[in-house]
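Here the structure comes first, spelled out in structure tokens, and everything after it is commentary.
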Amino acid sequence: MQIRSYKYRLRPSRAQVALLDAMLRDFGGLYNAGLQQRIEAYRRRKLSLRYGHQAGELKACRAVDPDGLGRWSFSALQQVLRRLDQTYTAFFKRRRGFPRFRASARFHSATFRVGDGLTIRKDRRLGIVGVPGGVKVVWHRDLPQDAKLGTAILTRQQGKWYVVLSVEAAFAETCGTGTVGIDLGLNSLIATSDGETVAMPRFARRAQKAQRRRQRALARCQRGSKRRLKAKACLAAGSARIARQRRDHLHKLSRSLVSRYRGIAFEDLNMAGLTKGMLARSVHDAAWSLLVQLVQFKAESAGADVVMVDPRGTSQTCPTCGTIKAKTLAERRHRCECGTDLDRDVAAARIVHQRAFGSGRDIGLRRSSQRIAA
Ligand SMILES: [Zn+2]
């Protein structure tokens, strides 16, 4: 059995949003009150309060505040105090700073146990204690058949609501057969040794253009003005959208690679720094490292292998005869005297493949260091 997170977008009604906001505000208030109590208990009586002490008082707190704390799930309130307790423990283990008071507007999530304070109703809506009517969920993918649900985290991100369900199930993914080498393309997002190239999705380029426009709009606004705040929020929402879309696209790409291959080789770009000497690589790089991460994760549960190879010279070597042939960045094809004529990124991907899995033809490059990803 394995535990994984499934995240779904929620579509609460306007009235429900008001209640959810109020809930997080109350939870934030409880967190702060709990922190205050701990600090004062220590200052006045040298007492270190524990979770048990504080949770013991919850019942009374709810009873005197039926329109506030009394509205919400008891176990979710316990979770707030538990969270405070964890921050304390982390502080005393010197892993974190002393817990801070949190502005309630910055308290963005609440933890529930599924079936206790938060349920998935027969009509597939979320039932949340204190929020009448059931909250609509966008079930963009199904939960696994035999899923056992653990916790549910309700979060607010840039004004949007999500639920993250932790799911325990026997995930039975399988991988494909065969092996592939993958090159971080100059012209495309990736190229594979099988000759496939995957372009940077069009929406990403369009979104980037829009983002630059928003940046300029922000720059024109006067410091401290309302307009500037608005422009800033707009910019932040834009970057969040781009990150979401990129993640989604890379999830699908990595899934498709793992389901087709058993051995997948990448260039280890951490090993030799920037090898291809391009300036506008930051966007590409971010996508690349996320892709490698996702493939590694999916490969692990599907029983596929990921191999990282030395990236030096991949774009300069002929995959057929092994001749080193320097290319300028402008040259988009690999043409060699031996008759090989390939897309330059596909040629590089073949070298990556050979370094990882060999090719029967030893061309002296496999000496270069190689490591198997954990
Ligand atoms: Zn050649």
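The values are calculated or read from the model by the stated rules, or taken from the named source; none is laboratory data. Keep in mind that what you see is a predicted model, and the values were worked out from it rather than measured. A quick note on method: Cβ atoms are made from the backbone with ideal geometry, for glycine too, and the neighbour counts reach across all protein chains shown. For accessibility, only protein heavy atoms count, side chains too; no ligands or nucleic acids. Shrake-Rupley method; radii C 1.70, N 1.55, O 1.52, S 1.80 Å.
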When the chain is reduced to its Cα atoms, the Kirkwood hydrodynamic radius in Å: 24.8 Å
Quick calc, R228 & S109: beta-carbon distance into FRET formula, R0 35 Å, rounding 0.05, result 0.80
Ordered by number, the trypsin sites (Lys or Arg not before Pro) in the stretch 4-48 that occupy a DSSP loop and have at most 12 other Cβ atoms within 10 Å are K46
Report the label-to-label distance for K59 and R213 in nanometres (one decimal), using points 7 Å from each Cα along the Cα→Cβ vector. 6.0 nm
Most fluctuating residue given options A347, A243, A265, as computed from a GNM of the chain linking Cα atoms under 10 Å: A243
Over the stretch 88-164, what is the relative contact order in whole percent, taking alpha-carbon pairs under 8 Å and six or more residues apart? 26 percent
Each label sits 7 Å from Cα toward the beta-carbon; between S75 and K148 the label points are separated, in nm, by 1.5 nm
Of L10, A348, I190, farthest towards positive along the dipole that unit charges on Lys, Arg, Asp, Glu beta carbons give the chain: L10
With springs connecting C-alpha atoms under 10 Å apart, model the chain as a Gaussian network and identify which of E300, E267, E40 has the largest mean-square fluctuation. E40
Which of the lysines could be linked to K325 by a straight reach, that is with a Cα gap under 25 Å, when you skip same-chain ones fewer than 8 residues away? K276
Leaving out ligands, DNA and RNA, what percent of the accessible area of the chain is carbon and sulfur, probe 1.4 Å? 51 percent
Exposed-loop-free span, longest in the chain, where chymotrypsin sites (Phe, Trp or Tyr not before Pro) count as exposed if DSSP calls them loop and at most 13 other C-beta atoms lie within 10 Å: 140-374
26 Å Cα-Cα threshold exceeded, pairs from K148/K298; K136/K230; K160/K232; K7/K93: K136/K230; K7/K93
Across R96, R335, R83, the residue with the highest GNM fluctuation in the chain (Cα network, 10 Å cutoff) is R96
What share of the DSSP beta bridges in the stretch 2-169 is antiparallel, in percent to the nearest 5? 95 percent
Sum -39500 (n - 2.57) across every DSSP H segment of at least 4 residues in the chain, then divide by the residue count to get the 222 nm mean residue ellipticity, nearest 500. -14000 deg cm²/dmol
Hey, in the chain, which Cys have no second cysteine's beta-carbon closer than 4.7 Å? C61, C175, C221, C234
So if each residue of separation counts as 0.36 nm, and I subtract the Cα-Cα distance between E196 and E337, what length gain in nm does that give? 48.4 nm
Could you give the angle, 0 to 90 degrees to the nearest 10, between helix 74-92's Cα long axis and the longest principal axis of the Cα atoms of the chain? 60 degrees
Using alpha-carbon positions, what is the distance between the centroids of the stretch 14-48 and the stretch 207-254, in Å? 33 Å
Round to a whole angstrom and tell me the spacing of the C-alpha centers of the stretch 110-138 and the stretch 68-106. 22 Å
Rolling a 1.4 Å sphere over the protein heavy atoms, what is the accessible area per residue of the chain, to the nearest Å²? 57 Å²
Quick one: in the stretch 2-169, what % of C-alpha pairs are over 20 Å apart? 54 percent
A student applying the Cα gyration tensor rule (rounded when a/c is under 1.5; otherwise prolate if a/b is larger than b/c, oblate if not) would label the stretch 75-118 oblate
Helix 344-357 versus the longest principal axis of the chain: what angle, 0 to 90°, nearest 10, using Cα atoms? 80 degrees
What FRET efficiency comes out for D21 versus R312 if R0 is 45 angstrom and r is the Cβ-Cβ distance? Round to the nearest 0.05. 0.25
Taking Cα pairs closer than 8 Å and at least 6 residues apart, the relative contact order of the stretch 2-169 in percent is 35 percent
Place a point 7 Å from the Cα of R206 along the Cα-to-Cβ direction; which residues of the stretch 212-242 have their backbone N under 14 Å from it? 242
The chain: relative contact order as a whole-number percent, Cα under 8 Å and 6+ apart: 16 percent
Could you tell me how many degrees, from 0 to 90 and to the nearest 10, lie between the Cα long axis of helix 14-45 and the main elongation axis, the longest principal axis, of the Cα atoms of the chain? 70 degrees
Please give the FRET efficiency for A240 paired with R45, using the beta carbon to beta carbon distance and R0 = 35 Å, rounded to the nearest 0.05. 0.15
By the gyration tensor of its Cα atoms, with a ≥ b ≥ c the square roots of the eigenvalues, what is the shape of the stretch 100-243: rounded for a/c under 1.5, prolate for a/b over b/c, or oblate? oblate
